[in-house]
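Chemist: My questions will all concern the structure given below.
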Amino acid sequence: MPRKVDKSAKRTRPPRIRVPNQERAIFTVDGEKFLGTIQRLSLTGGSVVLAKGSLPVGTSAEMTLGTVFGRVNAHIEFLRTGADGVPLAQAFHFLSMDDISTKRYTAAADKMQSAGFADAERAPTTGDLAFGSWTKLRESVQKLSGILTPSPRKR
């Protein structure tokens with residue numbers, strides 16, 4: 001049975017993942033198929049550049065996406081164009097996905113994120129910030145001491 005995406009859990013934005021290798025997906029609207037190149041994905045949706053151009057906001061579609069874990073099928077809704085600063089990219093969000101597709105999609109998203117394709121970088125810890133500040137201060141003092149200390153003259 002299709003499972004609805006839980007919208008009440010939107011406390012923080014899920015990591016957005018840059019999709020490598022110009023992955024394509026097939027979108028079916030009223031029996032017509034549209035080929036699209038996926039730009040970004042997250043656990044709640046993503047963005048795509050459709051070969052035939054954008055679709056009206058609110059259009060429902062079925063999406064078929066191949067992953068290394070198998071094919072993912074999802075019911076989506078198209079949102080605004082201009083997603084991610086790309087004029088032709090159209091945002092979409094997931095409306096529902098069956099359990100098998102959910103497992104495959106989550107595994108694929110986790111793999112892409114762990115491979116470094118996530119937009120969000122790891123937040124620096126207090127120790128990282130302190131070490132970085134100390135390093136900058138030390139380098140500045142070294143540069144300043146080189147300017148103030150005259151080099152020995154040869155006779």
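The values are calculated or read from the model by the stated rules, or taken from the named source; none is laboratory data. Keep in mind it's a predicted model, so treat the numbers as computed, not measured. A quick note on method: Cβ atoms are made from the backbone with ideal geometry, for glycine too, and the neighbour counts reach across all protein chains shown. Side chains are part of the model used for accessible areas, which takes the heavy atoms of the whole protein and leaves out ligands, DNA and RNA. Shrake-Rupley method; radii C 1.70, N 1.55, O 1.52, S 1.80 Å.
Chemist: Once you have the Cα-Cα distance between ASP110 and ALA51, take 0.36 nm times their residue separation minus that, and quote the gain in nm to one decimal.
Modeler: Residue separation times 0.36 nm, minus the Cα-Cα distance, leaves 18.5 nm.
Chemist: Quick one: 3J(HN,Hα) in Hz for the range 68-78, Karplus 6.51/-1.76/1.60 with θ = phi - 60°, rounded, Gly and Pro as x.
Modeler: Each residue of the range 68-78 in turn: 5, 9, x, 6, 10, 10, 8, 9, 10, 10, 6 Hz.
Chemist: According to a simple spin-label model (label point 7 Å from Cα along Cα-to-Cβ), what is the distance in nm between LEU95 and PHE69?
Modeler: Label-label distance for PHE69 and LEU95, simple model: 2.4 nm.
Chemist: Please report, as a whole percent, how much of the solvent-accessible surface of the range 31-101 comes from carbon and sulfur atoms (probe radius 1.4 Å).
Modeler: Result for the range 31-101: 58 percent of the exposed heavy-atom area is carbon or sulfur.
Chemist: Oh, and also: Can you compute 3J(HN,Hα) from phi for each residue in the range 27-36, using the Karplus curve 6.51 cos²θ - 1.76 cosθ + 1.60 with θ = phi - 60°, rounded to whole Hz and x for Gly and Pro?
Modeler: Whole-Hz 3J(HN,Hα) from phi for the range 27-36: 10, 10, 10, 6, x, 9, 9, 10, 8, x.
Chemist: While we're here: What figure in square angstrom, to the nearest 10, would you give for the accessible area of LYS52 with a 1.4 Å probe?
Modeler: Only protein atoms counted, so the area is about 130 Å².
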